[in-house]
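K.L.:
Supplied in structure tokens, the structure appears directly below.
The values are calculated or read from the model by the stated rules, or taken from the named source; none is laboratory data. The shown structure was predicted, so the numbers you read here are calculated from the model rather than taken from an experiment. In this analysis, Cβ positions are derived from the backbone assuming ideal geometry, glycine residues included, and neighbour counts consider all displayed protein chains.
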């Protein structure tokens, strides 16, 4: 019965050309997670999946006891004759079994599977997964360390009838992950990237000193607004009437401005953009569950929740000359 339920849900979430896909509703999207609900058009039975992870592959919770690991696209498969593993914190790694026809990995033992789900939802321990591609045997290492799975899981309890695990559904304080080159090469001096743990789409980038430094708030691959040499800038030159849009937690528009449409001068990346201060204030007020996005949304979906913006901006006040916002 357990394998049948797993296979059924995978079919519902994977098939896009059949009638099942027409009944799929996204209940939540953000914080590197998506909660989706499907309704069987014949029986009206409801099923939910909570996907957690990066763009290429993810961990999907089926309910409070079961999960599977899956590629987001069907362009590659798991190796059938390798030992795939999952590890919770410092516990002994558990074997992951391959469901060949569905190209997903899961833990067959029900007790162990439920323990893994609980650890993922609590967000207190890092979940490590090691898998292998077929036929290359390339090693795939994935780490799930999202502190706010419980926040989205609470929505699954309400919308999908999942069992309440007694784990807090409140947002946890945002933490930052800072990368600075360890190479002593002076040409790399000053560079840093700062990401929000559990909201990877939102980040800050500090430029190389030799290019004038400067810091920008980024969403996905797009550098949006920031400061360089004491001036507000926007490094995303508009192509086709693009705008920066910020909404509050109720989806109300609180900021909308067209982006610069030209470079400021020879050797200057991006444009001087005085509206940057207004954008920063709007984002500050809309944090944590407001959103920031580039309009119109392109194929890379340049949009993110503002969870962690306060922490990013505070880092910028210490290292980039950003003004304090009250």
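K.L.:
Mind telling me which of the residues 281, 285 ends up being surrounded by fewer than 21 Cβ atoms within 10 Å (Cβ to Cβ), in the same structural domain as residue 222 (by TED's automatic domain parsing), over 22 Å from residue 172 (Cα atoms) and at pLDDT 80 or above?
P.N.:
Checking each option against the conditions leaves just 281.
K.L.:
Between 115, 130, which is surrounded by fewer than 17 Cβ atoms within 10 Å (Cβ to Cβ), within 26 Å of the chain's Cα centre (by Cα) and assigned to a strand (DSSP E or B)?
P.N.:
130
K.L.:
Here's a follow-up. Only strands (runs of 3 or more DSSP E) wholly contained in the range 20-79 count here; list those with 1 or more residues that are crowded, with 21+ Cβ neighbours inside 10 Å and modelled with pLDDT of 90 or more.
P.N.:
33-39, 46-52, 57-61, 67-71
K.L.:
Going through 203, 177 one at a time, which residue ends up being assigned to a strand (DSSP E or B) and either crowded, with 20+ Cβ neighbours inside 10 Å or touching a residue at least 60 places away in the same chain (Cβ under 8 Å) (or both)?
P.N.:
Numbers: 177 fails: either crowded, with 20+ Cβ neighbours inside 10 Å or touching a residue at least 60 places away in the same chain (Cβ under 8 Å) (or both).
The conditions single out 203.
K.L.:
Same structure, new question: In the range 141-162, how many are outside any loop (DSSP other than H, G, I, E, B) and in contact (Cβ under 8 Å) with a residue 24 or more places away in the chain?
P.N.:
11
Conditions (1) within 19 Å of residue 277 (Cα to Cα); (2) modelled with pLDDT of 95 or more, marked per residue:
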| position | (1), (2) |
| --- | --- |
| 185 | no, no |
| 194 | no, yes |
| 198 | no, no |
| 203 | yes, yes |
| 211 | no, no |
| 222 | yes, no |
| 228 | yes, no |
| 243 | yes, no |
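K.L.:
Scan the range 182-190 and give yes if some residue there is closer than 30 Å to residue 284 by Cβ, touching a strand residue (DSSP E or B) at 6+ places or on another chain (Cβ under 9 Å) and either surrounded by 15 or more Cβ atoms within 10 Å (Cβ to Cβ) or in the same structural domain as residue 72 (by TED's automatic domain parsing) (or both), otherwise no.
P.N.:
yes
K.L.:
Go through the range 306-326 and give me each residue that's more than 16 Å from residue 179 (Cα to Cα) and assigned to a loop (DSSP other than H, G, I, E, B).
P.N.:
306, 307, 308, 321, 322, 323, 324, 325, 326 - these are the residues of the range 306-326 that are more than 16 Å from residue 179 (Cα to Cα) and assigned to a loop (DSSP other than H, G, I, E, B).
K.L.:
Looking at residue 141, is it surrounded by fewer than 13 Cβ atoms within 10 Å (Cβ to Cβ) and modelled with pLDDT under 95?
P.N.:
So residue 141 passes the test.
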